[in-house]
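Visitor: Quick one: structure below, then a few questions.
The values are calculated or read from the model by the stated rules, or taken from the named source; none is laboratory data. Just so it is clear, the model here is predicted, and its values are computed rather than measured. Glycine gets a Cβ as well: all are built from the backbone with ideal geometry, and neighbour counts include every protein chain shown.
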């Protein structure tokens, strides 16, 4: 009888001990988890990627102004024909040369009133303005600017001066977005792990994360990276996409 009572007491004691141990463990974990919520590190992850233009073109635009609309259109047509003939003689494929419709604007007035020294001055202005644009598709994006420079000089020498610029088409940002975000997150974790090691801690799970807007930072080199010595090395057919992600990690 006494042995049974001792056995029951032993079992009860062990149960009570185990129960208190488990309770203490969960209380400890709860307090630790609660305290760890305040132990966080905020880091930023930068990712950059170069994007090469998929297509390019050269835009040639010229304009005239005057009061006689017929003469204005005649001048524009004459200059357009001269430029197109030059392009054909220079070896450009006619399939790659296209022209936009002539743009005519009517100001509906011949004079503008300006104030000078407290007096109204009537200034003569041309009523009509006409502009024309010729587009040249380029097969090689890397040589587009070289062709542009030659065309510009040739047109100046032929008294056909025009406003010339290169146009580049780049891939949609959505095509590189997943890779950029993954890279920025990876770089943020590397920074977080370095901070955790310096703090004698362990990097935990992500608490919060925010992805910055993907932006285009200009030519092949950013303004911060470019110096006067290497500014000529910038490539107009290459742009750099950049994203900065801000991530908050728990520290254990």
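Visitor: Please identify the pairs in which a residue from segment 144-158 that is touching a residue at least 60 places away in the same chain (Cβ under 8 Å) has its Cβ atom under 8 Å from the Cβ atom of a residue that is surrounded by 12 or more Cβ atoms within 10 Å (Cβ to Cβ) and assigned to a helix (DSSP H, G or I), counting only partners at least 6 apart or on another chain.
Guide: Once the first residue is touching a residue at least 60 places away in the same chain (Cβ under 8 Å) and sits in segment 144-158, its partners that are surrounded by 12 or more Cβ atoms within 10 Å (Cβ to Cβ) and assigned to a helix (DSSP H, G or I) give 151/87; 154/86; 155/83; 155/86; 158/82; 158/86.
Visitor: Looking only at segment 100-120, count every residue that is assigned to a strand (DSSP E or B), modelled with pLDDT of 75 or more and surrounded by 10 or more Cβ atoms within 10 Å (Cβ to Cβ) and tell me the total.
Guide: Taking segment 100-120 first, the residues assigned to a strand (DSSP E or B) are 103-106, 111-116, 119-120.
Next cut, modelled with pLDDT of 75 or more only: 103-106.
Adding the requirement that they be surrounded by 10 or more Cβ atoms within 10 Å (Cβ to Cβ) leaves 103-105.
Final tally of qualifying residues: 3.
Visitor: Does residue 164 satisfy being in contact (Cβ under 8 Å) with a residue 24 or more places away in the chain and not assigned by TED's automatic domain parsing to the domain that holds residue 41?
Guide: Yes, satisfied.
Visitor: Quick check, is residue 154 over 30 Å from residue 243 (Cβ atoms) and touching a helix residue (DSSP H, G or I) at 6+ places or on another chain (Cβ under 7 Å)?
Guide: Details: over 30 Å from residue 243 (Cβ atoms): yes; touching a helix residue (DSSP H, G or I) at 6+ places or on another chain (Cβ under 7 Å): yes.
Answer is yes for this residue.
Visitor: Checking the structure you have, find out if any residue of segment 122-129 is part of a helix (DSSP H, G or I), in the same structural domain as residue 66 (by TED's automatic domain parsing) and in contact with a strand residue (DSSP E or B) (Cβ under 8 Å, 6 or more places away or on another chain). Lay out the reasoning, then the answer.
Guide: To start, the set of residues in segment 122-129 that are part of a helix (DSSP H, G or I) comprises none.
Taking every residue of segment 122-129 in turn, none turns out to be part of a helix (DSSP H, G or I), in the same structural domain as residue 66 (by TED's automatic domain parsing) and in contact with a strand residue (DSSP E or B) (Cβ under 8 Å, 6 or more places away or on another chain).
Visitor: For residue 123, all conditions in the list (1) under 34 Å from the mean Cα position of the chain (by Cα); (2) under 17 Å from residue 65 (Cα atoms) hold save one; what is the number of the exception?
Guide: Here residue 123 meets the rest and fails (1).
Visitor: Within segment 23-42, identify whether any single residue is part of a helix (DSSP H, G or I), loosely packed, with under 10 Cβ neighbours inside 10 Å and at pLDDT 55 or above, and answer yes or no.
Guide: no
Visitor: Restricting to strands (runs of 3 or more DSSP E) lying wholly in segment 150-252: which have 2 or more residues that are at pLDDT 85 or above and under 18 Å from residue 47 (Cα atoms)? Please lay out each step first, then the result.
Guide: Numbers: elements: 163-169, 203-211, 238-251.
It comes to 238-251.
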